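The values are calculated or read from the model by the stated rules, or taken from the named source; none is laboratory data. These numbers come from a predicted model, not from an experiment. When we count neighbours, we look across all protein chains shown, and the Cβ atoms used for this are built from the backbone with ideal geometry, even at glycine. Calculation scope for accessible area: heavy atoms of the full protein, side chains included, ligands and nucleic acids excluded. Shrake-Rupley method; radii C 1.70, N 1.55, O 1.52, S 1.80 Å.
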Amino acid sequence: MEGLKVWRLSSSIARPSNLRQLFGLGTSSGLVRCLDNGAAAANATNTRFPSRNRRASTSTSTSTNTSDREAVRAIRLKKVEQLRSKGTEPYGYKWDRSHSAKELQEIYKDLNNGEELDSESHHVSIAGRIVARRAFGKLAFLTLRDDSGTIQLYCEKERLLNDQFEQLKTLVDIGDILGASGSIKRTEKGELSVKVDSFSILTKSLLPLPDKFHGLTDIDKRYRQRYVDMIANPEVADIFRKRAKIMREIRKTVESRGFVEVETPVLQGAAGGAEARPFVTYHNSLGRDLYLRIATELHLKRMLVGGFEKVYEIGRIFRNEGISTRHNPEFTTIEMYEAYSDYQSMMDMAEEIVTQCALEVNGKLTIDYQVGTEIQLQRPWRRETMHNLVKEVTGVDFTELEDDLKVAKDVVLKAVGLGLDSKDKSSIEACPSLGHLLNEVFEIFVEPKLLQPTFVLDYPIEISPLAKPHRRHAGLTERFELFICGRELANAFSELTDPLDQRARLEQQVRQHNKKRAEAVSVTDGTGEQKNIDEDSMYEVTLDDDFLTALEYGMPPASGMGLGIDRLVMLLTDSASIRDVIAFPVLKISQ
């Protein structure tokens, strides 16, 4: 199509000399897309179709100039007035559809090119958004997209009653939502079409859609205006359809094992179940601060105390921390707890959930993630201790280190210090215990290398305050984390059920946090002014005394697991950022 003029629709339709060349009713990728009347009026000069492979600059292709946008809106508002003056309401109430676009494509897939079915039994009614259009004299072609796909509307002046063809030319724009009815026809070029008898404008679009060839490519605008993103980039909507499948498959998998779905509070008196900075709000009637939950764990364990043996919750979690390609302030997890089992059971459950979701969404257990990373999900997955993985990657065997923390840090820095950046070196030097040091080395050197599914076992007790002590190895806990593509996907324990041990560990966690918090506010710069060095430490941590009371009534031996649904969706939809799989992610205020 390079070099062809864009024929703008107006009260008199431009007629290209080579109708057959423009007319060829091929697939939607071959359609000539005309600018709508509003855009034509706003931009009076002719333009040429850009090459499909041409890279236009962001300033010209990814956003509509504000003045042009407002001009288009003003013209379309006049069309709204015109429609109403003709007795037509441009914002309809209802449309009775007989088929979706996908259903028609399936039903009539064997219809021959050039064949038409005009009997009453083949009369259909559809509705959707107009995403492309072209017109030649007494013929017009519109591409209609609904939730299932696209289909062409074939419009002849003689077939439409009254002045509907003139309305189609002058009052229908790309972006409008139409209902149309008619018979079925496959064009000579093979395009299945609805040969329109009548149509109705169901919703008049006031703002122009992004350019067809460049789409909506401004990343920030895509996240901010996800509704436009899904119109301009239909593959984006497919991610959220797959997300829905994943959620459904997770529920199906856990409920097939007898788990019961429950709901626990989002607003909590004490933020617990994880170590994270919470969002704080204030309840006027109660006259107290409340916290958005940072985990569902402690209330689900209360359910076990109350007599449930298998419970789970899929819910939104809120953490007032940083934003990255892996982190959003609100995200979705599934947490589940099973009485009379240990963390080995949860490894089997994690494998089952992920593999079943992969088969449901992709139909296979091999994933090509972000070009070049082939992930094999076939079971069983690798299971290895944190100690052995650190030794494997760094050569440092923490089981041979003495209890002297300073000596241990020197050994680690000697082994891995060459080329270590200042931030990671400072993190290692700041570790308050051997357990923290082991975990820090793991996170820096091992975690990014865990591309294939790997269960990392037996975490230090210092960083696992809710996990049962390991039954064979002192100083460790029965805990695992699942890593795929260098990302933590799940975290699970043999749950701590000793109320006295639990209280002592949580109290120790509070003391450590308060010490860190005090250090953050006590540092001063050269002028004597206080200088905060760690904003993420500037929040209060309190004990959840009611949870500790619940444990004193007795909780059965149990295992529990939290699995990040957003990260699972990222993996199974080949999405690089968590924002790609959350429909409306949290963003900075638009400047």
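Observations
Okay, residues lined up against (1) within 20 Å of the chain's Cα centre (by Cα); (2) modelled with pLDDT of 95 or more; (3) surrounded by fewer than 19 Cβ atoms within 10 Å (Cβ to Cβ):
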{"site": "Met336", "(1), (2), (3)": "no, yes, no"}
{"site": "Gln344", "(1), (2), (3)": "no, yes, yes"}
{"site": "Met349", "(1), (2), (3)": "no, yes, no"}
{"site": "Thr355", "(1), (2), (3)": "yes, yes, yes"}
{"site": "Ala358", "(1), (2), (3)": "yes, yes, no"}
{"site": "Lys364", "(1), (2), (3)": "no, yes, yes"}
{"site": "Tyr369", "(1), (2), (3)": "yes, no, yes"}
{"site": "Leu377", "(1), (2), (3)": "no, yes, no"}
{"site": "Glu384", "(1), (2), (3)": "no, yes, yes"}
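- Some residue of region 182-204 being buried (at least 17 other Cβ atoms within 10 Å of the Cβ), in contact with a Leu (Cβ under 6 Å, 6 or more places away or on another chain) and closer than 19 Å to Val581 by Cβ: no
- Of residues in region 73-100 being modelled with pLDDT of 95 or more and β-branched (Val, Ile, Thr), the one most open to solvent (accessible area, probe 1.4 Å): Ile75
- Per-region count, region 256-271, residues in a loop (DSSP other than H, G, I, E, B), surrounded by 12 or more Cβ atoms within 10 Å (Cβ to Cβ) and touching an Asp or Glu at 6+ places or on another chain (Cβ under 9 Å): 7
- Pair list, Cβ < 9 Å and 6+ apart or interchain, from region 372-386 residues that are in the same structural domain as Arg487 (by the TED database) and without any contact (Cβ under 8 Å) to a residue 12 or more places away in the chain to residues that are surrounded by fewer than 14 Cβ atoms within 10 Å (Cβ to Cβ) and of a type outside the set (Ser, Thr, Tyr): Glu374/Asp368
- Checking Ala474, Ala430, Ala415 one by one, the residue that is more than 28 Å from Glu351 (Cβ to Cβ), surrounded by fewer than 21 Cβ atoms within 10 Å (Cβ to Cβ) and in contact with a His (Cβ under 9 Å, 6 or more places away or on another chain) is Ala430 and no other.
- Scanning region 537-571 for residues that are acidic (Asp, Glu), out of contact with any Leu (no Cβ under 7 Å at 6 or more places or on another chain) and over 19 Å from Lys245 (Cα atoms) yields Glu540, Asp545, Asp546, Glu552.
- Residues satisfying the stated conditions in region 272-295, i.e. touching a strand residue (DSSP E or B) at 6+ places or on another chain (Cβ under 8 Å), open to solvent by less than 40 Å² (accessible area, probe 1.4 Å) and without any contact (Cβ under 8 Å) to a residue 60 or more places away in the chain: Leu290, Tyr291, Arg293, Ile294
- When region 288-309 is filtered for residues that are within 28 Å of the chain's Cα centre (by Cα) and closer than 13 Å to Gly560 by Cβ, the ones remaining, listed by number, are Ala295, Thr296, Glu297, Leu298, His299, Leu300.
- Check on Leu437, under 15 Å from Gly475 (Cβ atoms), open to solvent by less than 80 Å² (accessible area, probe 1.4 Å), assigned to a helix (DSSP H, G or I) and not acidic (Asp, Glu): yes
Residue-by-condition table, conditions (1) touching a strand residue (DSSP E or B) at 6+ places or on another chain (Cβ under 9 Å); (2) exposed (fewer than 15 other Cβ atoms within 10 Å of the Cβ); (3) not hydroxyl-bearing (Ser, Thr, Tyr):
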{"site": "Met538", "(1), (2), (3)": "no, yes, yes"}
{"site": "Val541", "(1), (2), (3)": "no, no, yes"}
{"site": "Gly560", "(1), (2), (3)": "yes, no, yes"}
{"site": "Gly564", "(1), (2), (3)": "yes, no, yes"}
{"site": "Arg567", "(1), (2), (3)": "yes, no, yes"}
{"site": "Leu572", "(1), (2), (3)": "yes, no, yes"}
{"site": "Ile578", "(1), (2), (3)": "yes, no, yes"}
{"site": "Val581", "(1), (2), (3)": "no, no, yes"}
